[in-house]
There are 2 protein chains.
Amino acid sequence: MEIIASKWSMVTLFALTDGPLRHGELVELSGGISRKVLTQTLRRLQANGLVERHAYAEAPPRVEYGLTDLGRTLEEPIRMLTAWARENGEAVVTFREAAEAARTIEADQAPR
Amino acid sequence: MEIIASKWSMVTLFALTDGPLRHGELVELSGGISRKVLTQTLRRLQANGLVERHAYAEAPPRVEYGLTDLGRTLEEPIRMLTAWARENGEAVVTFREAAEAARTIEADQAPR
């Protein structure tokens with residue numbers, strides 16, 4: 001579970017569900033990931049057999065990353081989790097902000 | 001996505017899908033989590049509105065943790081991801097070990 005239980009693993013796997021992509025395309029799609037963290041994430045996903053690297057002998061050389069057959073078995077769970085995050089992300093943030101506000105009021109009212 | 005994208009968040013949420021549990025029961029069910037990490041995980045899940053804490057005025061006092069309505073919306077994705085881990089965990093480990101073995105052979109054959 002560790003291999004998939006990280007934000008950038010999930011975001012990268014989700015981005016690849018529509019087909020192989022280049023490093024630069026993944027950076028753009030992954031909203032805020034640094035090139036270094038993406039490289040580490042891709043290496044870890046490759047080491048676990050979920051992503052494979054294709055190097056095309058072209059000029060200039062072209063490299064793409066794609067899901068392996070094992071990686072494709074993750075498509076549905078990752079799509080479902082991403083859909084959850086999209087549908088419920090706001091409710092989580094709203095709850096967090098309300099809880100924060102309640103704590104601030106409590107602190108203000110505490111006897112000095 | 002960050003809130004759920006951690007191993008112990010997922011394991012804890014999955015354990016709670018069958019109903020509220022006590023801290024000690026969660027430690028046993030979560031296979032290897034320390035009490036301290038579980039406490040931190042529960043606090044983070046509470047702060048994000050996914051888990052709630054019930055304290056029963058009994059002697060001795062009883063405290064249980066359960067999924068909130070928002071937390072229950074995660075049940076299906078978490079069940080699906082846990083099923084994936086159970087079905088494919090071994091294939092990932094096998095791949096990793098084979099890749100490791102290949103690297104070792106390569107290193108042995110490298111000219112000295």
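The values are calculated or read from the model by the stated rules, or taken from the named source; none is laboratory data. Computed from a predicted structure; not experimentally measured. As a convention, Cβ positions derive from the backbone with ideal geometry for all residues, glycine included, and neighbour counts pool all protein chains shown.
Return the residues of the range A:51-75 that are of a type outside the set (F, W, Y) and more than 15 Å from A:S9 (Cα to Cα); say none if nothing qualifies.
A:R53, A:H54, A:A55, A:A57, A:E58, A:A59, A:P60, A:P61, A:R62, A:V63, A:E64, A:D69
Only one of A:R103, A:R96, A:R44, A:R22 is over 22 Å from B:V51 (Cβ atoms) and either exposed (fewer than 15 other Cβ atoms within 10 Å of the Cβ) or at pLDDT below 90 (or both). Can you tell me which?
A:R22
Please indicate, with yes or no, whether at least one residue in the range B:84-106 is in contact (Cβ under 8 Å) with a residue 40 or more places away in the chain, in a helix (DSSP H, G or I) and within 11 Å of chain A (Cβ to nearest Cβ). Let's see the steps before the verdict.
Just the residues of the range B:84-106 that are in contact (Cβ under 8 Å) with a residue 40 or more places away in the chain, to begin with: none.
No, that holds for no residue.
In the range B:26-49, how many residues are touching a residue at least 40 places away in the same chain (Cβ under 8 Å), over 14 Å from B:A15 (Cβ atoms) and among the hydrophobic types (A, V, I, L, M, F, W, C)?
Count: 0.
Across the range B:1-49, what is the number of residues that are more than 8 Å from every other protein chain (Cβ to nearest Cβ), small (G, A, S) and in a helix (DSSP H, G or I)? Please lay out each step first, then the result.
Of all residues in the range B:1-49, those more than 8 Å from every other protein chain (Cβ to nearest Cβ) come to B:8, B:12-46.
Subsequent filtering for residues that are small (G, A, S) retains B:15, B:19, B:24, B:30-32, B:34.
Keeping just the survivors that are in a helix (DSSP H, G or I) gives B:15, B:24.
Number satisfying all stated conditions: 2.
Touching a residue at least 40 places away in the same chain (Cβ under 8 Å), at the interface with chain A (Cβ under 9 Å from one of its Cβ atoms) and not aromatic (F, W, Y): is that true of B:L70 in this structure?
no
Can you tell me which of B:L81, B:L38, B:L13, B:L74 is in contact with a Gly (Cβ under 9 Å, 6 or more places away or on another chain) and buried (at least 18 other Cβ atoms within 10 Å of the Cβ)?
B:L13
Here is a list: B:E58, B:E52, B:E64. Which entry is more than 10 Å from chain A (Cβ to nearest Cβ), free of Cβ contacts under 8 Å to residues at least 24 places away in the same chain and surrounded by 13 or more Cβ atoms within 10 Å (Cβ to Cβ)? Working first, answer last.
On the way: B:E58 fails: surrounded by 13 or more Cβ atoms within 10 Å (Cβ to Cβ); B:E64 fails: free of Cβ contacts under 8 Å to residues at least 24 places away in the same chain.
Only one candidate qualifies: B:E52.
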